[in-house]
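To keep things clear, I will list the structure first and then write my remarks on it.
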Amino acid sequence: MGFLYYEPKGSLPKVKNAILEELKRSGYARVLNSPEPPRHRGAGSPSLWRAKVTSVGVRIGKLSGVIPDALRFAFEVASTGGRAEGASLLIETVPVSIACNQCKKVTIMDDPFLICPHCNGSDVELIAGRELEIKDMEIEDGDR
């Protein structure tokens, strides 16, 4: 019997693009990166553009390929000069969780070997552990 081992297939540019895409979907990309409000119509409320990001919470799965310390460093560099400068990055690590199709048990794993510890079955489904998402963001009101 061979072992199944999950090795993340991602590079730093892919991780950066995934984070930027999540920021675009959440509508906060312009707030994080812009030091000044835009000078065109339809750019959002003035109080939003005076707002300051105080913290960003992210969820990172153990098999996502993201190194938390590298993300902290990248966040600090990327937020310098923008609305998120000085904001704290709160990282929640999501453990690996598998569902075994043989014994029907769900297990939280500590290692990347995707073998059911109950029946030693290799017919498993990865149900958690590859996440890379923004969980929440705290923004200080721009009118203060």
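Tell me which helices (runs of 4 or more DSSP H) are completely within the stretch 28-144 and hold 1 or more residues being among the small types (Gly, Ala, Ser), in contact with a helix residue (DSSP H, G or I) (Cβ under 7 Å, 6 or more places away or on another chain) and modelled with pLDDT under 85, or say none if there are none.
29-33, 68-79
I'd like the full set of residues that are under 25 Å from Ile115 (Cα atoms) and of a type in the set (D, E, K, R), limited to the stretch 81-104.
Step one: filter the stretch 81-104 for residues under 25 Å from Ile115 (Cα atoms), giving 92-104.
Glu92, Lys104, listed by residue number.
Taking the residues in the stretch 76-92 that are buried (at least 16 other Cβ atoms within 10 Å of the Cβ) and not polar (S, T, N, Q) as candidates, determine which candidate is farthest from Lys135 (Cα to Cα).
Once the filter is applied, the top-ranked residue is Gly82.
The values are calculated or read from the model by the stated rules, or taken from the named source; none is laboratory data. Predicted model, so just to flag it, every value in this text is computed and none were measured. Virtual Cβ from ideal backbone geometry, glycine too; neighbours counted across all protein chains shown.
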